[in-house]
Amino acid sequence: MTGSGIRLKSGEFLWLWIFLLPTLVGLLLGTLGPVLAAFGISFTDWDVLTSPRFIELENYKRLIADPTFSQALKNTLYYVGGMVPISTILSLFFALMMNQKLRGITLYRTAYFMPVVSSTVAVALVWSWIYSVDFGLLNYLLRQVGISPVGWLSSTTWAMPAVIIMSIWGNLGVGIVIFLAGLQSISASYYEAAEVDGANRWQQFRNITLPLITPSLFFYFIITMIDAFQAFESIYIMTRGGPVNSTTTMVYYIYRNAFRNFKMGYASAQAIVLFLVIMALTLIYWKLQERWVTYDV
């Protein structure tokens, strides 16, 4: 070892590359390779069955004039804007409730995490039944209080909120685990000192808890945002992008063009645009963390 770090011998350097090789090959073939391939295909007209035909920027020009793509982008932003903040707030709320030394608290934590490990397809099917107009649980409860049944998944007004509600429910467990980890890393001495100074519960939360869990908030928000931009399974099972494209997200529209219409070049162009949108928002959010995330006490 030297002052600048660890100096590897030639044999150790060889073993380093041997151990890294599987990961590097997986990264190249499973991640970087498909991204580069999609970028190249986005400049072609390709239906899988025939040879790709180079058409320069025609696919990107077509995106600008495509009303369905514009609608898909708006729907995706609507989904992200509804799902991510509400999921963050509710996850933090339930994490605070479960950060207690109560009998059976482990059972509650497990119950809230169950949707995370459940099959997305199974969860979407169950929620499709809950939203059913004729025999769904939700409309049954509405009838009991004198409210007419709502076509949750057949209404252009309610379809996207219904999908968002299901997604929030399914994502709560992840947020609760992340926030619980952040809450339990806060030393009790801070709260003891605050109580001595006469701070109430709200003042302790605002001045101690919230600042010290900002790294957890930042991490959860960014992974949830990226995941929300890629919403597909629940929409495919519950609405198939309908009614009238009101729940067609960018990923679902990419799937429809690629694997139903076999417009691989056009779908690849949409995928590249989605990648750029996610990257831009992630970089902006990453830059903004310097203003509100507290890493040092």
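The values are calculated or read from the model by the stated rules, or taken from the named source; none is laboratory data. The model shown is predicted, which means the values in this text are computed figures rather than measured ones. All Cβ positions, glycine included, derive from the backbone under ideal geometry; neighbour counts span all protein chains shown.
Computed values, structure above
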read-out: Filter result for the condition that a residue is in contact (Cβ under 8 Å) with a residue 12 or more places away in the chain and under 30 Å from Leu153 (Cα atoms), over Ala267, Ala194; value: Ala267
read-out: Hits in the stretch 259-272 - residues which are modelled with pLDDT under 95, in a helix (DSSP H, G or I) and closer than 14 Å to Thr68 by Cβ; value: Arg260
read-out: Pairs, first at pLDDT below 95 in the stretch 72-98, second among the charged types (D, E, K, R), C-beta under 6 Å, six or more apart; value: Met98/Arg109
read-out: Some residue of the stretch 224-245 being among the small types (Gly, Ala, Ser), in a helix (DSSP H, G or I) and in contact (Cβ under 8 Å) with a residue 40 or more places away in the chain; value: yes
read-out: Hits in the stretch 255-281 - residues which are surrounded by 15 or more Cβ atoms within 10 Å (Cβ to Cβ) and under 16 Å from the mean Cα position of the chain (by Cα); value: Leu274, Val277, Ile278, Leu281
